[in-house]
1. Can you tell me the FRET efficiency between ARG185 and TRP139 if r is taken as the Cβ-Cβ distance and R0 is 41 Å, rounded to the nearest 0.05?
2. As a test of the formula, what do you get for the chain when each DSSP H run with n ≥ 4 contributes -39,500 (n - 2.57) and the sum is divided by the residue count, at 222 nm and rounded to the nearest 500 deg cm²/dmol?
3. Select from HIS154, HIS82, HIS45 the residue whose mean-square fluctuation is largest in a Gaussian network model of the chain (Cα-Cα springs shorter than 10 Å).
4. With a Förster radius of 25 Å, plug the Cβ-Cβ distance of ARG110 and MET14 into 1/(1 + (r/R0)^6) and report the FRET value to the nearest 0.05.
5. When the solvent-accessible surface of protein heavy atoms is calculated with a 1.4 angstrom probe, in what order do PHE184, PHE11 fall, highest first?
6. I'd like to know which of VAL108, TRP51, LEU10 lies farthest towards the positive end of the charge dipole of the chain, counting +1 on Cβ of Lys and Arg and -1 on Cβ of Asp and Glu.
7. From largest accessible area down, sort THR81, THR187; use a 1.4 Å probe on the protein chains.
8. Kindly report the accessible area of the chain per residue (heavy atoms of protein chains, probe 1.4 Å, no ligands, DNA or RNA), in Å².
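The values are calculated or read from the model by the stated rules, or taken from the named source; none is laboratory data. The structure displayed is predicted, hence computed values, not measured ones. As a convention, Cβ positions derive from the backbone with ideal geometry for all residues, glycine included, and neighbour counts pool all protein chains shown. These area figures cover heavy atoms from the full protein model, side chains too; ligands, DNA and RNA do not enter into them. Shrake-Rupley method; radii C 1.70, N 1.55, O 1.52, S 1.80 Å.
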Amino acid sequence: FPVTIRPQHLFRRMNGTIELEALAGTRTHQQPIDCLNSEKNQQEHHAVSDWIREALTPFTNDIHISPSHPIQLRHVTHTKTHISIPHIPTSDATLIQALFPTPAVGGVPRVESVSYLLRVNQPTGTLYRGLVGLVCRDWSIWVVMIRYAEWHHHNWTLYGGAGIMPQSDATEEWNEIDAKWRLFRNTFETIQST
């Protein structure tokens with residue numbers, strides 16, 4: 001697999017074509033190769049890809065869904081499904097309203113999950129679970145702030161998470177978060193020691 005470091009896109013628009021990806025189900029490189037095929041990871045991935053399809057159906061039935069495949073990053077491997085829509089007659093703002101927050105940062109079912117997170121778990125004054133975009137005349141790209149770092153009063157705070165399902169094991173989920181941050185944590189530890 002190619003090794004890449006990449007953000008999680010909410011969607012990309014190019015001349016009217018919309019591209020999205022369901023990126024869910026994770027294996028650390030310490031886990032067996034077939035871990036992505038576990039019931040927990042399969043259900044996590046299907047929850048996200050099914051949710052995206054349902055969120056887009058009110059706008060169009062012309063939704064192209066590619067077969068899922070693994071995508072290897074530096075310290076973890078995710079399952080990815082590419083989704084594209086050749087033409088969608090709606091604005092970025094309408095798509096954002098339909099697609100954000102994603103299951104990865106909001107949960108499913110969305111209304112109940114987001115309500116709970118805002119009451120109990122939203123870090124005050126942070127951008128975690130935010131959205132950032134770049135818009136030009138013929139294209140736009142919107143990225144979910146699913147992992148990010150914040151500098152405040154001489155301290156770095158790193159934000160991230162894992163997909164929690166009924167079958168989740170707390171130790172494995174913590175190891176997944178640790179693996180996702182390993183590359184970035186090493187960078188910040190170097191910065192703090194200088």
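1. Numbers: r = 33 Å, r/R0 = 0.81.
Rounded to the nearest 0.05, the efficiency is 0.80.
2. Numbers: 5 runs with 65 residues, N = 194.
The per-residue figure over the chain is -10500 deg cm²/dmol.
3. HIS154
4. Numbers: r = 27 Å, r/R0 = 1.08.
About 0.40, to the nearest 0.05.
5. Details: PHE184 75, PHE11 0 Å².
Largest accessible area first, the list is PHE184, PHE11.
6. It is LEU10, whose Cα lies furthest towards the positive end.
7. These residues rank, largest area first, as THR187, THR81.
8. On the way: 11030 Å² over 194 residues.
Heavy-atom accessible area per residue stands at 57 Å².
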